[in-house]
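Chemist: My structure is below; once you've seen it, I'll send some questions.
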Amino acid sequence: MGAFSSNLRAFRALVGTGTRIMAVLKADAYGHGAEALAPVAIQAGSDAIGVSSIEEGRALREAGVNAPILLLGGIFPLENFSAALDARLTPTVASLESAQKLAEIAAKTGRPAPFHLKIDTGMGRLGVSPAGARDVLTWVAGQRTLRLAGVYSHFASADSDFEFTAHQIAEFTAVRDFAKSLGFPETIFHIANSSAALTSPAARFDMIRPGIALYGAPSVPLPTGTTLQPVLTWRTKIVFIKRVPTGTSISYGRKFRADREMEVATLPVGYGDGVPRAMFGKAQVLVKGIRRPMLGVVTMDHVMIDVTGAGVDVGEDVVLIGRQGGAEITASDWAGWAGTIPYEIFCGISKRVPREVVA
Ligand SMILES: *Cc1c(COP(=O)(O)O)cnc(C)c1O
């Protein structure tokens with residue numbers, strides 16, 4: 001079974017059948033390729049898909065994805081609710097004004113518009129305040145052209161601050177209880193990203209929305225019995241090799257100088273492909289299952305590596321992220337070298353890097 005399927009099934013085993021799963025495939029499935037992964041997610045038991053924008057949702061519809069798709073981003077301008085509904089994408093409503101606009105647009109279509117209401121319980125990004133949510137819910141309860149399919153929120157620090165996470169859960173629970181007091185028997189409530197879904201059963205409510213952990217790069221220790229596998233391998237090949245004498249400088253700014261005779265290989269990837277320049281002096285790659293250092297600064301289209309004594313030639317396979325032999329380099333290693341998080345590493349792999357689906 002492919003790693004992505006296996007990770008999704010691991011979440012299913014963790015949360016049981018009573019909790020829905022929305023696989024988060026925004027930003028082209030964190031750079032992995034959303035059109036390829038959406039059918040895999042559904043096949044492996046995901047109930048719905050989350051993306052950010054209308055464009056992302058529409059691309060999945062055009063690729064034949066039939067499952068519910070929630071647009072996690074804000075709709076702007078509000079007229080764009082029409083485009084979302086036309087593509088059977090479920091929009092997020094994050095203010096009374098946007099609920100009213102959606103109702104007006106839905107009235108013209110003659111069909112109730114499904115939507116999810118977003119509550120800001122502490123992320124400070126998108127959503128009505130818990131107090132404001134009461135007004136919106138009360139108003140929505142009287143509307144025939146609207147169908148409140150879900151109410152949700154998002155954690156700010158589910159991987160690091162369990163007290164604040166508990167506070168957000170409490171705020172969200174109060175909104176849920178208020179909504180239930182008005183009716184809404186079909187509405188689902190959800191707040192958990194990967195970290196919360198993995199660490200806090202109380203955060204799971206009716207549905208979880210894992211993203212990063214589905215790609216095998218969780219930010220929290222896994223519960224006993226749960227294993228996740230990295231989904232992506234990034235490979236390249238050596239395109240040029242040279243033997244250089246002591247004192248030779250490598251790459252822009254001449255920041256690396258050979259302190260001995262070396263064999264230096266050139267790889268056809270650079271920051272134009274998503275190799276962060278910030279990894280200078282720290283990054284390694286795998287050649288014949290052994291870690292080899294990158295030499296000199298990352299250029300737009302190339303990086304150089306030390307292959308002294310490796311016995312390799314042009315055409316040799318190099319693993320940038322993934323396993324080779326008994327060794328492994330992960331997106332977390334990259335994030336550590338570049339001073340960022342695996343999310344940004346994945347999303348940074350640019351369009352010109354060909355994706356190949358292997359399972
Ligand atoms: C990105 C995102 C998620 C997934 O978060 P992970 O940390 O990748 O699991 C869930 N919900 C919303 C609203 C998001 O924007």
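The values are calculated or read from the model by the stated rules, or taken from the named source; none is laboratory data. Just so we're clear, the structure is a prediction, and the values are computed from it rather than from any experiment. Virtual Cβ from ideal backbone geometry, glycine too; neighbours counted across all protein chains shown. Remember, those area values only see protein heavy atoms, side chains included, never the ligands or the DNA or RNA. Shrake-Rupley method; radii C 1.70, N 1.55, O 1.52, S 1.80 Å.
Chemist: Hey, in the GNM for the chain with a 10 angstrom Cα cutoff, which one of 59, 23, 48 fluctuates hardest?
Modeler: Of the options given, 59 has the highest mean-square fluctuation.
Chemist: What number of lysine-lysine pairs in the chain show an alpha-carbon separation below 26 angstrom, given a sequence spacing of 8 or more or placement on distinct chains?
Modeler: 16
Chemist: With a sphere of radius 13 Å drawn around the Cβ of residue 11, what net charge do the other residues whose Cβ falls strictly inside it have (Lys, Arg +1; Asp, Glu -1)? Intermediate results must be reported in sequence, preceding the final value.
Modeler: Values: positive: 9, 12, 20, 204, 209; negative: 47.
It works out to a net charge of +4.
Chemist: Once every DSSP H run of n ≥ 4 in the chain is given -39500 (n - 2.57) and the sum is divided by its residues, what mean residue ellipticity at 222 nm do you get, rounded to the nearest 500 deg cm²/dmol? Mind dumping the intermediate values first?
Modeler: Values: 11 runs with 111 residues, N = 359.
Taking each H run of at least 4 residues, the total per residue is -9000 deg cm²/dmol.
Chemist: Run the 1.4 Å probe and let me know the accessible area of residue 37, rounded to the nearest 10 Å².
Modeler: Residue 37 exposes around 20 Å² with every protein chain in place.
Chemist: In addition: Roughly what angle does helix 162-182 make with the longest principal axis of the chain, taking Cα atoms, 0 to 90 degrees, to the nearest 10?
Modeler: 30 degrees
Chemist: Okay, moving on. Please compute, over every Cα-Cα pair in the range 2-215, the percentage with a separation greater than 25 angstrom.
Modeler: 35 percent
Chemist: Further question on the same structure: For the range 2-215, build the charge dipole from Cβ charges (+1 Lys, Arg; -1 Asp, Glu) around the Cα centre, then report which of 42, 167, 215 sits farthest towards its positive end.
Modeler: The listed residue farthest towards the positive side: 42.
Chemist: Still on this model: Per 10 Å bin, what percent of the C-alpha pairs of the range 217-291 does each bin hold, from zero upward?
Modeler: Histogramming the range 217-291 at 10 Å steps yields 13, 37, 29, 14, 7, 1 percent.
Chemist: In addition: Could you tally the net charge around residue 293, taking each other residue with its Cβ under 9 Å from the Cβ of residue 293, Lys/Arg +1 and Asp/Glu -1? Please report the intermediate quantities before stating the final value.
Modeler: Values: positive: 282, 291, 292; negative: 306.
So the environment of residue 293 carries a net charge of +2.
Chemist: Work out Dmax and Rg for the range 171-316 from the C-alpha atoms and quote the Rg first, both in angstrom.
Modeler: Answer for the range 171-316, Rg first and Dmax second: 24.1, 78 Å.
Chemist: Would you mind computing Rg(Cα) / (2.2 N^0.38 Å) for the range 112-213, counting N as its residues? Don't jump to the answer; show the numbers that get you there.
Modeler: Values: Rg = 13.3 Å, N = 102, 2.2 N^0.38 = 12.8 Å.
With N residues counted in the range 112-213, Rg over 2.2 N^0.38 Å equals 1.05.
Chemist: Considering the zone a paramagnetic label at residue 243 would reach in this model (a point 7 Å from Cα along the Cα-to-Cβ line), which residues of the range 307-333 have amide N under 19 Å from it?
Modeler: Once the point is set 7 Å along Cα→Cβ of residue 243, 307-316 turn out to lie under 19 Å by backbone N, inside the range 307-333.
Chemist: Please provide three numbers in whole Å: the alpha-carbon extents of the range 168-216 along the principal axes, with the largest listed first.
Modeler: So the extents along the principal axes, rounded to whole Å, are 40, 20, 12.
Chemist: Restricting to bridges with both residues inside the chain, how much of the DSSP beta-bridge set is antiparallel, in percent to the nearest 5?
Modeler: Working: 26 of 49 bridges.
Roughly 55 percent of the beta bridges in the chain run antiparallel, per DSSP.
Chemist: Looking at the calculated P(r) for the range 234-347, what percent of the C-alpha pair distances fall above 17 Å?
Modeler: Numbers: 3282 of 6441 pairs.
Beyond 17 Å sits 51 percent of the P(r) for the range 234-347.
Chemist: Could you list the square roots of 5 times each eigenvalue of the Cα gyration tensor of the chain, that is, the equivalent ellipsoid semi-axes, sorted largest first and rounded to whole Å?
Modeler: Values: eigenvalues 415, 81, 66 Å².
Three semi-axes, in Å: 46, 20, 18.
Chemist: Okay, next question. Heavy atoms only, probe 1.4 Å: what % of the accessible area of the chain goes to carbon and sulfur, would you let me know? Numbers along the way, then the final one.
Modeler: Values: 8310 of 16160 Å².
About 51 percent, which is the carbon plus sulfur part of the accessible surface.
Chemist: So how tilted is helix 34-43 from the main axis of the chain? Cα-based, degrees 0 to 90, rounded to 10.
Modeler: It works out to around 60 degrees.
Chemist: Using only alpha carbons, build the gyration tensor for the range 1-79 and give me the equivalent ellipsoid semi-axes, biggest first, whole Å. It would help to have the intermediate numbers written out before the result.
Modeler: Details: eigenvalues 103, 39, 21 Å².
With the √(5λ) rule applied to the range 1-79, the semi-axes are 23, 14, 10 Å.
Chemist: Would you kindly derive the ³J(HN,Hα) couplings of the range 80-89 from the backbone phi angles with the Karplus curve 6.51 cos²θ - 1.76 cosθ + 1.60 (θ = phi - 60°), listing them in order in whole Hz, with x for Gly and Pro?
Modeler: Coupling constants for the range 80-89: 5, 3, 4, 4, 5, 5, 4, 8, 6, 9 Hz.
Chemist: If you build a Gaussian network model of the chain, linking Cα atoms that sit under 10 Å apart, which residue out of 332, 181, 129 swings the most?
Modeler: Largest GNM mean-square fluctuation: 181.
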